[in-house]
Amino acid sequence: MIFHLVLKDLKIEWRSKEIITSMFIFGLSITLIFALAFQVAPNLIRTFAPGLLWVVILFTSVLGLNRLFSLEKEDQALWSWVAAPVSRGTVYIAKVISAFIFIIMSELLFIIPFFIFLNLPSNFSFISFALILFLGTGAIVSVGCLISGITLQARLRDVLIPILLFPSASPVAIAATKCTGLLFNQIPLVNYLFWLLILGSFFVIFGLFGYLVFNQIVEE
Amino acid sequence: MNLDINNLSKSFYHVPVFQSFSISIKSGERVGLFGPNGSGKTTLLKMISGIMSVDKGEILIGNILQDSENIKTRKSIYYLGHSLGLYPGLTGNENISFISKLYGKSELLVLDVLKKVGLGKLENKLVKFYSQGMLQRLKLATAIILNPEIILLDEPLNGLDNEGLDLFKKVYTEWEENSKTIFVVSHDQEWLKNFTSRTIELT
Amino acid sequence: MSFFKHRNNLIHAGIALTLSVINIYIIFTLDPPNLAQGVFGNIFFIHVPIAWSAFLLYFAVMVCGIFYLTNKSIKWDYRGLAFAEVGTIFMFLVLTTGPIWAKPAWGHFWPWEPRLTTSLILFLIFLGYFMLREFGGNPEQVSRYAAVLGILAFLDVPLIFFSVKFWLPKMQSHPQVGQYFSSANPMSTYLIIFSFISMIIISSLMVRFRTNILSMNHTS
């Protein structure tokens, strides 16, 4: 069932390409602004880069989550699964997976220009970097899908998603930035297991909570 | 399958739409529902289908409580609503296949059903390019393929041309023959009188 | 004002008023136990109990949310909202008294101290909570969304606290709290407990008053 629900999101996105394209271009534009704004101190940019990277990821995630859930509001498409004999927790998991796929795809697209524009070195372990990106994105998505769910019927949804997501996801921003910073300084993975644990537990806590409460919050 | 609503209450922005509303519909009965705008006709159908939650009271479907936790009851109902309730970014065929998977129905019949409602040639066209009449036919196709015991129809005649009306009558007669429980909302009281076993007015 | 027509409510209000007058008198006249910080150091006796009560109030929002989601009684929604409102007032006081105390203790107004930062982030989430209440859609649905958000906010507390705590390890705890307590002079301990009790009594009065108003507005 989860597979069909995710496949539906992927099919729609494959045709329109609007979510990933808008996230990628938006990410690129913020990167450009950062590159220009931090030209005053090119030497310091390496210190700021991890934080900037996660700011870009959080901003683009908001855009992606908003679009991904708007999909369900067009022509009340959500009726198809709200009225169906499918547990809404399953739908939540499917949404988490779709959002994760879209956000990771857009990250892969804008991370190369991000490194090039900000003149960042790339002499670190790519596997560790992938692990941090996966855990960080997973944590953002788990709480992000829940917040998108509770704001689905809101008049000010576009505004409410970032207002609620940014403070709630602040532990993710701190932990992911810390990990990325240590990684850029070539410090091996074992030294920041604590931060990976924060990201992991964030994902587990909000993933479980979302799974449990989703059938209380989605309805017309 | 019989449908019982006991002491149902629902309000919007603290304005009650239903207060202790009760109705009982026997299996195989066809009930028409009419009333002025804002009397809660659509809301009632949405609550029965599980799309909307109830504030108080209970809805029993075949003696099982309709509840967001309980997914079994939703299998025997389909709500054919005002809005599409399907994805405009998917083709007709993909939409019907998707929803039949959600209900655990076989997809083998999808093309046959689409041909039956006259959408055979349009199966691979995106739903966002469908006209109003085609969308109505698509919803009808969904109702046919899901083959639920209880069918909730919200203004089913809207946007249908003469050919579409004939098609709808044919499908409706089939449901009647298979003794489905049908709940229809319509402004056309004449139509309701001819095609339902009893009518209820909401005020 | 039918709330004060009940004798018990009047007694509650009387006790709250008396205790706070005594509490404020003590704090203003007390010889500062922490000589290094001078008279500003006495804000400790008001800042810390307010912070404890604020977290307790937000915890109560979560408890009300859980009760509301499980038994759907509108009373729990009113209580949840009342706790959230009073909790936010208290949190605002935490965020104003904190910097007043931080200036003499650390030399600058905003230390990124874990408890204070957690307070700020929770305060921001709850500003979003009131926006959701206002703009989230039909009030009958918003009650459920708000309950979910109230639980989400408190689930976030340990994650925020630990990530901030290890983010800047220099800011381990409160400024020189140890100086306030000595086994020879237990006065400080008694004072802080007294102050905390008076805060609890005031906040419970405020919550009961708000719950009363909320239920009157909607049942009439």
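Residue by residue, here is whether (1) in contact with a Phe, Trp or Tyr (Cβ under 8 Å, 6 or more places away or on another chain); (2) part of a helix (DSSP H, G or I); (3) modelled with pLDDT of 95 or more holds:
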{"residue": "A:109", "(1), (2), (3)": "yes, yes, no"}
{"residue": "A:114", "(1), (2), (3)": "no, yes, no"}
{"residue": "A:158", "(1), (2), (3)": "no, yes, no"}
{"residue": "A:183", "(1), (2), (3)": "yes, yes, no"}
{"residue": "A:209", "(1), (2), (3)": "no, yes, yes"}
Restricting the search to the stretch A:174-195, which residues are more than 9 Å from chain C (Cβ to nearest Cβ), of a type outside the set (S, T, N, Q) and within 16 Å of the chain's Cα centre (by Cα)? A:176
Output the qualifying pairs, or none if there are none: Cβ atoms under 7 angstrom, residues six or more apart or on different chains, first residue in the stretch A:12-24 and touching a residue at least 12 places away in the same chain (Cβ under 8 Å), second residue of a type in the set (Lys, Arg). A:18/A:67; A:19/A:67; A:22/A:67
Residue hits (the stretch A:72-87; more than 12 Å from residue B:51 (Cβ to Cβ) and part of a helix (DSSP H, G or I)) are A:72, A:73, A:74, A:75
Can you tell me which residues in the stretch B:176-186 are more than 12 Å from residue B:153 (Cα to Cα) and surrounded by 11 or more Cβ atoms within 10 Å (Cβ to Cβ)? B:176, B:179, B:180
Just need a number here: residues in the stretch C:100-145 that are of a type in the set (Gly, Ala, Ser), at the interface with chain A (Cβ under 9 Å from one of its Cβ atoms) and in a helix (DSSP H, G or I). 1
Run residue B:43 past the list (1) within 21 Å of residue A:152 (Cα to Cα); (2) in a helix (DSSP H, G or I); (3) within 7 Å of chain A (Cβ to nearest Cβ) and report the number of the one that doesn't hold. (3)
Tell me which of these residue B:63 doesn't satisfy, since it passes every other one: (1) among the polar types (S, T, N, Q); (2) closer than 26 Å to residue B:196 by Cα; (3) within 12 Å of chain A (Cβ to nearest Cβ). (3)
So for the stretch A:99-120 (the condition being β-branched (Val, Ile, Thr) and within 30 Å of residue B:79 (Cβ to Cβ)), does at least one residue qualify? no
When you scan the stretch B:88-159 for helices (runs of 4 or more DSSP H) that lie fully inside it, which ones turn up with 2 or more residues that are more than 13 Å from every other protein chain (Cβ to nearest Cβ)? B:110-116, B:132-146
Selection within the stretch A:76-87 - buried (at least 19 other Cβ atoms within 10 Å of the Cβ) and within 7 Å of chain B (Cβ to nearest Cβ): A:77, A:79, A:80, A:81, A:82, A:83, A:84, A:86
Assuming residue A:187 fulfils every condition listed in (1) without any contact (Cβ under 8 Å) to a residue 24 or more places away in the chain; (2) part of a helix (DSSP H, G or I) apart from one, which condition is it? (2)
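Within the stretch A:102-109, can one find any residue that is more than 13 Å from chain B (Cβ to nearest Cβ), farther than 22 Å from residue A:25 by Cα and not hydroxyl-bearing (Ser, Thr, Tyr)?
Start the filter on the stretch A:102-109 by keeping residues that are more than 13 Å from chain B (Cβ to nearest Cβ), which leaves A:102-109.
If we keep only those that are farther than 22 Å from residue A:25 by Cα as well, we get none.
No, the conditions are met nowhere in the stretch A:102-109.
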Restricted to the stretch B:46-60, and to residues that are farther than 21 Å from residue B:13 by Cα and surrounded by 20 or more Cβ atoms within 10 Å (Cβ to Cβ), which residue is nearest to the other protein chains (Cβ to nearest Cβ)? B:49
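The values are calculated or read from the model by the stated rules, or taken from the named source; none is laboratory data. Remember, it's a predicted structure, so these values are computed and weren't measured experimentally. Positions of Cβ are backbone-derived with ideal geometry, glycine not excepted, and every protein chain shown enters the neighbour counts.
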